[in-house]
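Chemist: Dumping the structure here so I can ask a few things about it.
Any read-out appearing in this document is the output of simple, stated calculations on the displayed coordinates, not a laboratory observation. Quantities reported herein were computed from a predicted structural model and do not represent experimental measurements. Ideal geometry is used to build each Cβ from the backbone, glycine not excepted, and the neighbour counts take in all protein chains shown.
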Amino acid sequence: MSTKFCDTFGIEHPVVLAPMAGVASDALVAAVSNAGGLGLTPLWHVSTDDLRTSVRNIKQLTDKPFGVNLNMDFPSLEHLDACLEEEVEVISLFWRPPGEFLARAKAGGAKVVYSAGDAADAKAAAELGADAICAQGWEAGGHVRGTVGSMALIPAVVDAVGDIPVVAAGGIADGRGLAAALSLGASAVWVGTRFLAAAEANVHPDYLSHLLAASENDTAHFDDLFDIGWPDAPHRALNNSTTKMWEESGRLPLGQRPGEGDVVASTSTGGEVLRYQSKSPSGDLTGNVEAISMWAGQGVSMVKEVQSASDIVLEIVNEADATLQRILCR
């Protein structure tokens with residue numbers, strides 16, 4: 001299944017791995033790319049030395065295109081320059097206006113995907129030279145920039161950016177979602193929650209068990225609940241003991257929330273994880289992992305089993321093809 005996005009980025013299938021900090025391992029990124037999709041690795045939160053190490057490791061695991069995600073709420077030109085020096089082919093920019101980063105990435109020979117939450121942001125990035133726009137709907141898991149659902153957002157962005165390929169994000173976890181996105185004018189899908197159940201993902205077993213058991217009603221959108229380390233960044237996560245405690249308190253504000261300051265888990269290096277911290281429940285954690293921010297989109301009910309990343313990519317593409325054929329034959 002080839003689309004304009006595939007042609008632009010030199011990939012076989014219109015499936016993009018959402019860059020999920022802490023759980024998108026090098027192996028997962030490479031596996032998605034090896035399967036014909038586009039793997040994206042979030043490296044804005046590590047040192048530039050660790051960024052280089054990760055990029056080089058992924059290159060050992062795949063000779064296919066992959067990209068690095070940088071977060072404009074934590075902008076670092078040193079991170080971008082390290083990516084360009086390591087000849088990263090794709091730069092994904094998220095959250096704030098891309099400004100100098102987009103121009104610098106393009107001048108350095110990289111292709112740029114910009115994530116937008118509304119048509120105006122998408123159009124502005126397209127006019128700056130973005131090679132593709134990710135239209136992130138409100139249904140998405142993790143940090144969510146916009147407030148519009150995917151069904152309304154995708155065609156609005158498609159209309160706003162003209163010939164530039166659009167990647168649909170938010171609540172998409174199977175081939176039916178890919179077929180729907182293509183029907184709305186998108187050229188690829190951006191999938192996160194489904195890949196949390198990939199065999200290559202660095203996901204804590206407790207987190208995984210909650211994902212596999214969740215329904216479409218088990219996530220909630222919060223303006224600023226899991227905000228330690230990344231304030232003022234709306235997000236979607238599974239309801240858990242922390243969200244329940246906060247709801248029962250009457251949604252008290254920062255500084256008055258129940259259990260604020262509690263250490264609920266620790267990392268393998270001894271680092272503390274606090275209640276209300278913005279932290280992916282990665283495999284190296286110990287403690288009360290259930291109380292941490294268990295990011296998930298509304299498509300979580302479609303995550304039913306652990307599979308290889310390759311099987312997930314191919315299943316999405318094959319199901320989309322079958323869905324489109326069924327619709328056309330009616």
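Chemist: As a footprinting exposure proxy, order 41, 323, 147, 193 by other Cβ within 10 Å, with the fewest listed first. Can you show the working numbers first?
Modeler: Numbers: 41 26, 323 19, 147 12, 193 29.
So the ranking, lowest neighbour count to highest, is 147, 323, 41, 193.
Chemist: Oh, and also: Using each residue's phi in the range 276-283, evaluate 6.51 cos²θ - 1.76 cosθ + 1.60 at θ = phi - 60° and report the 3J(HN,Hα) Karplus result to the nearest Hz, with x for Gly and Pro.
Modeler: Result, rounded to whole Hz: 6, 7, 7, 8, 6, x, 7, x.
Chemist: Follow-up. Lysines within cross-link reach of residue 279: Cα-Cα under 25 Å, excluding same-chain residues under 8 positions apart?
Modeler: Partners found: 244, 304.
Chemist: Per the Kirkwood formula on distinct C-alpha pairs, the Rh of the range 1-153 is how many angstrom? Intermediate results must be reported in sequence, preceding the final value.
Modeler: Numbers: mean 1/r = 0.0650 Å⁻¹.
Final number for the Kirkwood radius of the range 1-153 is 15.4 Å.
Chemist: Let me ask something else about it. Work out from phi, with θ = phi - 60° and the Karplus expression 6.51 cos²θ - 1.76 cosθ + 1.60, the ³J(HN,Hα) of each residue of the range 99-105, listed in order in whole Hz, and give x for Gly and Pro.
Modeler: Calculated HN-Hα couplings, in order: x, 4, 4, 5, 4, 5, 5 Hz.
Chemist: Cβ neighbours within 10 Å, averaged per peptide: list 228-234, 157-163 in order, most packed at the top.
Modeler: 157-163, 228-234
Chemist: Another question about this same structure. Given a 10 angstrom Cα cut-off, can you work out which residue in 96, 236, 194 is the most mobile in a GNM of the chain?
Modeler: 96
Chemist: May I pose another question? Which whole-Hz couplings ³J(HN,Hα) result when phi for each residue of the range 57-64 is put into the Karplus expression 6.51 cos²θ - 1.76 cosθ + 1.60, θ = phi - 60°, listed in order with x for Gly and Pro?
Modeler: Going residue by residue, I get 5, 4, 5, 6, 9, 8, 10, 8 Hz, with x marking Gly and Pro.
Chemist: Give the order of 134, 83, 6, 329 when sorted by the count of other beta carbons within 10 angstrom, beginning with the fewest. Don't skip to the end; give the middle numbers.
Modeler: On the way: 134 31, 83 25, 6 20, 329 6.
Listing 134, 83, 6, 329 from fewest to most nearby Cβ atoms yields 329, 6, 83, 134.
Chemist: Right, something else. Going Cα to Cα from residue 59, which lysines come in below 20 Å? Please leave out same-chain ones fewer than 8 positions away.
Modeler: Hits, sequence-local ones excluded: 111.
Chemist: Given 37 °C and 0.692 mPa s, compute D for the chain with the Stokes-Einstein relation, Rh being the Kirkwood radius over Cα pairs; round to the nearest whole µm²/s.
Modeler: 167 µm²/s
Chemist: Quick one: compute the contact order of the chain, relative version, from alpha carbon pairs under 8 angstrom and 6+ residues apart, as a percent.
Modeler: On the way: 758 pairs, mean separation 59.1, N = 330.
Reported relative contact order: 18 percent.
Chemist: What residues have an amide H closer than 5 Å to that of residue 92, excluding those fewer than 5 places away on the same chain, when H is modeled at 1.01 Å from N in the peptide plane?
Modeler: Close amide H contacts, sequence-distant or interchain: 68, 69, 70, 113.
Chemist: Quick check: the distance between the Cα centres of the range 277-306 and the range 219-265, to the nearest angstrom?
Modeler: Rounded to whole Å, the Cα centres lie 15 Å apart.
Chemist: Restricting the count to DSSP beta bridges whose residues both fall in the range 205-300, what percent are antiparallel, rounded to a multiple of 5?
Modeler: In the range 205-300, approximately 90 percent of DSSP beta bridges are antiparallel ones.
Chemist: Cα-based Rg (one decimal) and Dmax (whole number) for the range 127-197, in Å?
Modeler: Here Rg and the maximum Cα pair distance are 11.5, 36 Å.
Chemist: At 222 nm, what helix-only mean residue ellipticity would the chain give, in deg cm²/dmol to the nearest 500, using -39500 (n - 2.57) for each DSSP H run of four or more?
Modeler: It comes out at -10500 deg cm²/dmol, rounded to the nearest 500.
Chemist: Also, I was wondering about something else. Output the antiparallel fraction of DSSP beta bridges having both residues in the chain, as a percent to the nearest 5. Could the numbers behind the result be given before it?
Modeler: On the way: 13 of 43 bridges.
Restricted to the chain, the bridges split so that about 30 percent are antiparallel.
Chemist: Give me 123, 279, 244 ranked fewest to most by other Cβ atoms within 10 Å of their Cβ, as a rough exposure proxy. Present the calculation step by step, with values, prior to reporting the outcome.
Modeler: Values: 123 19, 279 24, 244 11.
The fewest-first ordering by Cβ neighbours comes to 244, 123, 279.
Chemist: Taking amide hydrogens as modeled 1.01 Å from N in the peptide plane, which residues meet the under 5 Å criterion relative to residue 167, leaving out close sequence neighbours?
Modeler: 133, 134, 135, 187
Chemist: Sticking with this one: Based on Cα coordinates alone, diagonalise the gyration tensor for the range 205-300, multiply each eigenvalue by 5, take square roots, and list the semi-axes in whole Å, largest first. If you can, show how the numbers build up before the last one.
Modeler: Working: eigenvalues 68, 66, 26 Å².
After diagonalising the Cα gyration tensor, the semi-axes are 18, 18, 11 Å.
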